[in-house]
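A quick write-up on the structure given underneath.
The values are calculated or read from the model by the stated rules, or taken from the named source; none is laboratory data. This is a predicted model, so every value here is computed, not measured. Cβ placement follows ideal geometry from the backbone for every residue including glycine, while neighbour counts extend to all protein chains displayed.
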Amino acid sequence: MNDFGSSQAKSSIQVISLGFIIIILLVVLFAFMAVQENKKHADLNDKMYKHPFSVSIAVLEANGDILAMHRYMKDVVLASNKGDLDVAISLVNQHEHEVYRHFELIKDRFLGDKEKINVAFTTFVEWKSIRDEVLALKRNNQDQLAASITTGKGADHVKKLNQNMRFLINFAGNKALEFKNSSQDSHDLSKTSFYYLLIFTILSSILTAFLVIFLVRRAESSRNESEERFEAIFNNTEVSIWSEDFSTVVIALEKLRQEGVEDLKTHLYENIDLAWDLAAMVKVNSVNNATLKLFGATSQAEFISNIDKTFGADAIDVFINEMCAIWSNQETFLSEANFQSLDGKEIQALVSFQTPSSTNNFRNVAVSIVDISDHKRLEKKLKLSSRVFSDTHEGIIITDADKIIVDVNPAFSDITGYSREEVIGKTPNILSSGKQQPQFYTIMWKQITELGYWQGEIWNRRKNGEIYAELLTTSTLKDSDGQIVNYLGMFSDITHSKRQQESMQRMAHYDPLTGLPNRTLLHDRFNQAIAHSKRSSTLLAVCFLDLDDFKPVNDIYGHDAGDKLLIEVAHRLQLALRSEDTVSRLGGDEFSMLLGDIKSTSQCYEMLERIIHSVSATYFIDENSIDISASIGVSLSPTDGVELDSLLRHADQAMYQAKQQGKKNYQLFDLEQAQKTSLLHVKLHEIQQALINNEFCLYYQPKVNMASGKLIGVEALIRWQHPVKGLISPLKFLPSIEGTDIEIQVGEWVIDQGMTQLERLNNRGINIEMSVNVSAMQFLNTCFLDSLNAALHRHQNIDSHHFKLEVLESSTLGNLERISKIISACRNDLGVKIALDDFGTGYSSLSHLRQLPADTIKIDQSFVRDVLIDPDDFAIIDGVIGLSKSFSRNVIAEGVESTEHGLMLLLMGCNNAQGYAISKPMPANMLVDWIKEYKPNQTWLNSSEVEMTLPVKRVKQLELILNHWLKNVVHFLQGDMKATMDECVMSCHFDKWIIRFRQEKLFEDLWINELQQAQNVVHFVAEELISNRQTSSYPTTKDELTKLHSAFKILLSILDKQVVLECKK
């Protein structure tokens, strides 16, 4: 558009320049014809100065300023902000001032009829009043009215003013011609006067030409500024604007008019190809940024090259209407049209443009495209809502925020019997039947307030008194500030169907205990869900849920409590699922769920976790607190099949896998895992056969009192003597039977064999304690005490006080009260001792030690193994020993693998131990010989004979840890592959010992500081050697190790001195 304006400006200057050259030649010609005497010629020149030229120039400039004012008035109309408006008004005022000045000159020098000047001036003053009216409307933001006035009566006054000005221009030209004729009559003019006149005329013409060119260029500059402002507005406005070239179309239309076409619309529809040809003639020069945004284009080039893709189905109809508007000189074109963005999005728009008054102006027509898609959609929704409100068979009631009825639909009157006029202004209480309690409505309105809606069945009363059932949905309608402005109730009369179908449907399709769908209804729901899954291309999850440890609930609390628990479980499942999902009871404690619209496995995981969390929360049944959990297996359709039976079977297999994973979790069906499960079943069968074939045996690991050296007992550990595979570790088969009946059978076999071995030892005069491990499932089994009592009766020769059950601490986490009762029964009624095994690995707490009357606490080997290198394990063991003593419990440590470990435990106050440092587990035929040959660890005995104060024990403990650390470092430096970097890190462990020393205040700070300095030296030397060893392929040399040993001896000497000092106290 800038190039077009620039070329127009250059063309105008060229034409004006050519015109003035012609004028100069004519003046020279007229001068040659001047033959009048000098005086008359001088008078004529004076009149020529006063009238034709000065007045003509004034008239031309006034006319130019008037045109400029009209053009800047368009800028005023198009101004989108106050800044642009003020600039446009300023330019209008500037040109108005120039017009006044020119009229003063014209009035003073005009030689013709002054009345013509007054008429022109009066027309200008009238246009000025129109101008003021437009400015007032623009300042009041009445843009469209201001535009219509500007293009309406404002444009008419400009035309009228131009006609008046043309009269003045023509009059001045005629006067110039008159004076020229008079000059021709001056034939007596001398040659000298002629030459002076010729020179004067040429110079004057040149000067005048330069002046006019200057004025024209200034006008062109103003026009360019105006176009730049228009372009800024064009590109920054939020309305889509296309600059289109209709000039070729206008020529074609004029040709059709000349050919005799009268009804253009009919002609184009009858010749539709012609209409398309005309449409192709329209060229889009440019579009603004709003257009690119609306149609999803990144550049003008992309949009214009793909512009054909943006036209909707009605494009030709809209174009024909545009052509008709141009044909009939319609001032403004306005029409709705369909478009689509480059990415295919439908756009409904309002197309408009002002029809140019001049043919040349058709080269650049601004067409606005206003997106009214949202408005159309809203209009459609409103129409639909109105039809729904009036035509729906459901009753609709609308109240204000105070619950006063403001409107009802015809269906409301049909159902209730009340007319619209009878209920307007009343409350919905007019329908109340009295069947619901006040609490019902309180809860209902509370949910409406909190959630914004309520849905349910309610009994109301018709106008004739008849009570009916309705399905009611009540929702809140809020304003933009979130304040409730209306309540909307929609209901349908369900009385008839409710009374007829309720009982039959419940009997045929629902579980009588829980009220959940049964298998029959589950099949129906599955068929619906699988059809929806296919339509929506989503997954359908078929879940098989089984309650963990439900049987003990029936055994302990009775079947009535079990039924109530199942009802509560069903209720929680319904709350945890979405309304479109289905939960069904298959029987017993087994449930099935259909979860639809699953878009990803992660979404499925979230739902399953929510279900397990809900089901696993504590239940309160008949004043009893019951804790259960659930295991869920899941198969996905269509991935795992499309038949309900196969999907349930797969889900059942996955559920079994969830049980094997520790219960209270979920597993998705996996073909590979299913095969593993099948193998597991095979393995369970092998274990069952092994039990029948007596392939199991017990190994025994001794327990000793390290302080006295006395053998205090043995622990029986199961092994599988497989006829083909040989001896199999319990870790390879016990996890497979966990949670199964075989686990209980194997446990009972172990107890029986343990008692048998104890009898044999007693018969040989060996009176020690026999320990066996009992699983959580076996211990909590309702038949456990009876089974244990029966075993004791079968082995009456043993002392039950010498028989100990080791129960995993983690198995006591379920129901402390029940566990406590079983332990008490074992100890008090049967005389069997109880040990809490692997203590510290579960959720050890004071409540366990206080509530569980166990005889012995067994420290888990994982803590004992790293007590010399891990300060946290040291702290745990120290705490367990302290708690055991506080609650008068015996304590024993397992996993004692070296003399140093035993010494540390003795220093910490734990005398009893078992582990490889004493003996590995051995078969029964080797046990008696080992007992006879057993010799106590002399180092342990010697350590126990010395009475030590707490400070001495602390120093000895630190010395043990430091020596163990030095041994590991030396092994690492000498290339021992078994030594790891973790065992060589001592700074953190030592720092915690220093902190312990300072907190216990057993030692003086001066000695602690000296000790810390010595350790820093040792640490520095060791760190340097370790760093060198890591970068070298050769072991550390003897000299380098000597440096470390020397620094370490200094550290030990500081410890020894403190021991001596403490012993003297």
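So here's what we get for this one:
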| quantity | calculated |
| --- | --- |
| Residue that is surrounded by fewer than 20 Cβ atoms within 10 Å (Cβ to Cβ) and within 32 Å of the chain's Cα centre (by Cα), where the choices are Arg610, Arg649 | Arg610 |
| Leading residue by the ranking (farthest from Leu1052 (Cα to Cα)) among those in the stretch 994-1013 that are in a helix (DSSP H, G or I) and in contact with a helix residue (DSSP H, G or I) (Cβ under 7 Å, 6 or more places away or on another chain) | Arg998 |
| Checklist (1) touching an Asp or Glu at 6+ places or on another chain (Cβ under 7 Å); (2) under 30 Å from Arg420 (Cβ atoms) applied to Val367, failing item | (2) |
| Single condition Asn705 does not satisfy, out of (1) within 30 Å of Ala531 (Cβ to Cβ); (2) in the same structural domain as Thr939 (by TED's automatic domain parsing) | (1) |
| Restricting the stretch 529-550 to residues that are of a type in the set (Val, Ile, Thr) and at pLDDT below 95, the residue that is surrounded by the most Cβ atoms within 10 Å (Cβ to Cβ) | Ile530 |
| Where Lys725 falls short, out of the listed (1) at pLDDT 95 or above; (2) farther than 30 Å from Phe550 by Cα | (1) |
| Residue match in the stretch 218-234 (condition: over 60 Å from the mean Cα position of the chain (by Cα), modelled with pLDDT of 65 or more and assigned by TED's automatic domain parsing to the domain that holds Leu105) | yes |
| Residues of the stretch 895-922 satisfying the condition of being assigned to a loop (DSSP other than H, G, I, E, B) and under 18 Å from Lys710 (Cβ atoms) | Val896, Gly909, Cys910, Asn911, Gly915, Ala917, Ile918, Ser919 |
| Search result, residues across the stretch 876-892 that are part of a helix (DSSP H, G or I) and more than 18 Å from Asp838 (Cβ to Cβ) | Gly882, Lys885, Ser886 |
| Members of the stretch 456-473 that are touching a strand residue (DSSP E or B) at 6+ places or on another chain (Cβ under 8 Å) and part of a loop (DSSP other than H, G, I, E, B) | Arg462 |
| Filter result for Trp940 (touching a residue at least 40 places away in the same chain (Cβ under 8 Å), in the same structural domain as Leu758 (by TED's automatic domain parsing), surrounded by fewer than 19 Cβ atoms within 10 Å (Cβ to Cβ) and part of a helix (DSSP H, G or I)) | no |
| Subset tally (residues that are at pLDDT 95 or above and among the polar types (S, T, N, Q)) for the stretch 763-772 | 1 |
| Unmet requirement for Asp640, which otherwise passes all of (1) of a type in the set (Asp, Glu); (2) surrounded by 22 or more Cβ atoms within 10 Å (Cβ to Cβ); (3) at positive phi | (3) |
| Counted residues, the stretch 372-396 - those being buried (at least 18 other Cβ atoms within 10 Å of the Cβ) and within 37 Å of the chain's Cα centre (by Cα) | 1 |
| Wholly enclosed strands (runs of 3 or more DSSP E) of the stretch 240-343 bearing at least 3 residues among the basic types (Lys, Arg), in contact with a helix residue (DSSP H, G or I) (Cβ under 9 Å, 6 or more places away or on another chain) and not assigned by TED's automatic domain parsing to the domain that holds Asp371 | none |
| Of all residues making up the stretch 875-921, the number that are within 17 Å of Leu717 (Cβ to Cβ), touching a residue at least 60 places away in the same chain (Cβ under 8 Å) and in contact with a Phe, Trp or Tyr (Cβ under 7 Å, 6 or more places away or on another chain) | 2 |
| Number of positions in the stretch 681-732 that are under 54 Å from the mean Cα position of the chain (by Cα), among the small types (Gly, Ala, Ser) and farther than 24 Å from Ser919 by Cα | 0 |
| Elements of type helices (runs of 4 or more DSSP H) contained in the stretch 674-785, each with 3 or more residues being surrounded by 18 or more Cβ atoms within 10 Å (Cβ to Cβ) | 741-763, 776-780 |
| Unmet requirement for His793, which otherwise passes all of (1) assigned to a helix (DSSP H, G or I); (2) under 16 Å from Asn694 (Cα atoms) | (2) |
| Total residues in the stretch 1024-1042, condition surrounded by 15 or more Cβ atoms within 10 Å (Cβ to Cβ) and either charged (D, E, K, R) or free of Cβ contacts under 8 Å to residues at least 12 places away in the same chain (or both) | 2 |
| Matching strands (runs of 3 or more DSSP E) fully within the stretch 357-413 where at least 1 residues are under 30 Å from Thr151 (Cβ atoms) | 365-371 |
| Residue match in the stretch 653-662 (condition: in a loop (DSSP other than H, G, I, E, B) and either out of contact with any Phe, Trp or Tyr (no Cβ under 8 Å at 6 or more places or on another chain) or surrounded by 15 or more Cβ atoms within 10 Å (Cβ to Cβ) (or both)) | yes |
| Residues of the stretch 530-562 that turn out to be of a type in the set (Gly, Ala, Ser) and touching a helix residue (DSSP H, G or I) at 6+ places or on another chain (Cβ under 7 Å), as a count | 3 |
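Matching residues to (1) farther than 29 Å from Phe526 by Cβ; (2) outside the structural domain of Leu608 (by TED's automatic domain parsing); (3) of a type outside the set (S, T, N, Q); (4) free of Cβ contacts under 8 Å to residues at least 60 places away in the same chain:
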residue	(1), (2), (3), (4)
Leu540	no, no, yes, no
Phe544	no, no, yes, no
Asp548	no, no, yes, no
Ile556	yes, no, yes, no
Gly562	no, no, yes, yes
Leu565	no, no, yes, no
Ala570	no, no, yes, yes
Glu580	no, no, yes, yes
